[in-house]
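All of the numbers you see were taken from the coordinates with simple rules; none came from a lab. All of these numbers come straight from a predicted model, not from anything done at the bench. So basically every Cβ, Gly included, is an ideal-geometry build from the backbone, and we count neighbours across all protein chains shown.
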Amino acid sequence: MNWLEALLLGILQGLTEFLPVSSSGHLTIGQELLNLNTSAADNLLFTVTVHAATVLSTIVILWKEIENLFKGTFFTMKWNPEKEYVSKILLSIIPVMIVGLFFKDQVEAIFGSGLLIVGCCLLLTATLLTFAYYAKPRKKENISYRDAFIIGLGQALAVLPGLSRSGTTIATGLILGNKKESIAQFSFLMVLIPILGETFLNVIDMIKEPALLGGIGAMPLLVGFLGAFISGCVACKFMIDLVKKGKLIYFAIYCAIAGAITIIFAL
């Protein structure tokens with residue numbers, strides 16, 4: 001992988017991590033289009049790098065909200081809205097933690113199953129976004145514990161390549177009747193802990209087994225990181241504003257077209 005390929009894939013990761021079109025599915029498609037024959041070690045190292053970049057972009061864009069939650073959770077003994085919000089986030093990540101701890105091998109096998117599964121999951125993403133667009137909002141004042149857990153189940157299912165994490169969680173929240181502004185922010189904040197945890201575990205694995213470090217080189221990794229971070233900042237801010245306006249149907253159409261083309265290409 002050279003620096004230009006790393007830049008293109010980094011930008012692709014940063015944009016699609018927050019847009020409801022599946023970053024994992026688009027990375028798979030991007031690697032196929034670029035005809036990259038990278039090793040498993042190189043893929044792991046690059047994935048860890050760009051995921052760290054998108055986590056950083058989330059923190060930058062939502063810094064004020066994260067700072068308020070941190071202060072309200074750790075600098076007061078009283079039960080308050082910040083503690084309640086954080087407890088809902090922790091509840092929402094239980095399903096994806098279970099998948100990551102007990103079904104990691106099965107998930108990795110699905111990731112290596114080619115473009116057909118990506119295309120099918122993109123069609124599923126399009127279906128979810130369409131349902132969310134036409135759902136009649138009840139505009140709940142706050143995300144309930146029940147809704148937080150159900151949204152977390154959606155995030156766990158979105159480990160499948162082509163099934164958008166942000167699209168699935170946002171669509172699930174909207175279908176459950178939550179406000180657009182609330183669910184967009186909750187969706188982006190709830191992913192921080194799982195991605196940080198996954199990144200940490202991958203780093204530990206690479207320390208234990210230096211062979212997993214691969215041979216991409218420092219320059220492509222740096223360029224990929226910067227590309228993912230900058231595009232991630234843009235996409236995160238853009239997506240929050242877009243959800244407020246309720247324009248998810250355009251992404252549903254895109255996912256449907258991309259999914260159909262991917263399936264045709266895979267057959």
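Counting only helices (runs of 4 or more DSSP H) that sit completely within the range 60-156, those holding 2 or more residues that are over 27 Å from HIS26 (Cα atoms) and of a type in the set (S, T, N, Q) correspond to 63-74.
Whether any residue in the range 224-246 is assigned to a loop (DSSP other than H, G, I, E, B), more than 17 Å from LEU62 (Cβ to Cβ) and either among the aromatic types (Phe, Trp, Tyr) or within 20 Å of the chain's Cα centre (by Cα) (or both) is what I want to check. Give the steps one after another, and end with the answer.
Pass one, the range 224-246, residues assigned to a loop (DSSP other than H, G, I, E, B): 246.
Filter once more, keeping what is more than 17 Å from LEU62 (Cβ to Cβ): 246.
Still in the list and also either among the aromatic types (Phe, Trp, Tyr) or within 20 Å of the chain's Cα centre (by Cα) (or both): 246.
Yes, the conditions are met somewhere in the range 224-246.
When PHE18 is tested against (1) aromatic (Phe, Trp, Tyr); (2) exposed (fewer than 15 other Cβ atoms within 10 Å of the Cβ); (3) in contact (Cβ under 8 Å) with a residue 60 or more places away in the chain, exactly one condition is not met: (2). Take the conditions (1) surrounded by fewer than 17 Cβ atoms within 10 Å (Cβ to Cβ); (2) touching a Cys at 6+ places or on another chain (Cβ under 7 Å); TYR145 misses just one of them, which is (2).
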